[in-house]
Each structure stands twice: as structure tokens, then as C-alpha cells.
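K.L.:
Below is the structure I would like to discuss, written out as C-alpha cells.
The values are calculated or read from the model by the stated rules, or taken from the named source; none is laboratory data. Predicted, not measured: the structure shown is a model, and the values here were computed from it. Don't worry about glycine lacking a Cβ; one is built from the backbone with ideal geometry, like all the others, and counts go over all protein chains shown. In case anyone asks, the SASA skips ligands and DNA or RNA and just uses the protein heavy atoms, side chains included. Shrake-Rupley method; radii C 1.70, N 1.55, O 1.52, S 1.80 Å.
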Amino acid sequence: MIEIELFYKIVEAHIRSVHTEYLKSLKRVPLPKTEKNKQIAFKNLPVGNKLLKGYNKGIETALSVLIKEYKRYEKRLKKEEKDGRKF
């Protein structure tokens, strides 16, 4: 469990840092994380071209899939522990 959690956190941090560096290279910086959803609001960025919008949407999708799969894994793991099965 700890290895998967560590992998999840490393991948999420890497995706966010690469995206931030890309935006800095374009002189655009993501908005700060909100307390409510802990994700960067990419939709509110002042965007001039469709490529950047597509790139931001791809990053949002990758992060949301990563988060959903990790939560699904945690839920399944808790259910197995509750049932008394070994994983």
C-alpha cells in the first residue's frame, strides 16, 4: 500500500511540476490551489491559443484519471481489509 501511495504522489507531483514549468516558459503561471478541491483551476487562465487550452485539458484529464484510479484502489483495499481478505 505504501509503495502505491508513494508512486501516486510522485506521479502527481511530477505532472504538476512539468506543467508549471511549461507555463512559466510561456510566461503564464497557474492559479494557486484552492482549499475546496486541491486542484489548480486551469480554466481561468488567460489563454491565447487552442494548443495551450488542449494541453491544459490534457493535464486536467491525466490528473483526474490518476486521482480517480487511486481512490478506487483505496476503496477496494479498504473493502478487502474489512472482509478479512489478504491482498
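K.L.:
Under a crude label model (7 Å from the Cα following the beta-carbon direction), how far is ILE15 from LYS78 in nanometres?
P.N.:
Output for this residue pair reads 2.1 nm.
K.L.:
Still on this structure: How large is the accessible surface of VAL11 in square angstrom, using a 1.4 angstrom probe and rounding to the nearest 10?
P.N.:
My reading of the accessible area for VAL11 is about 40 Å².
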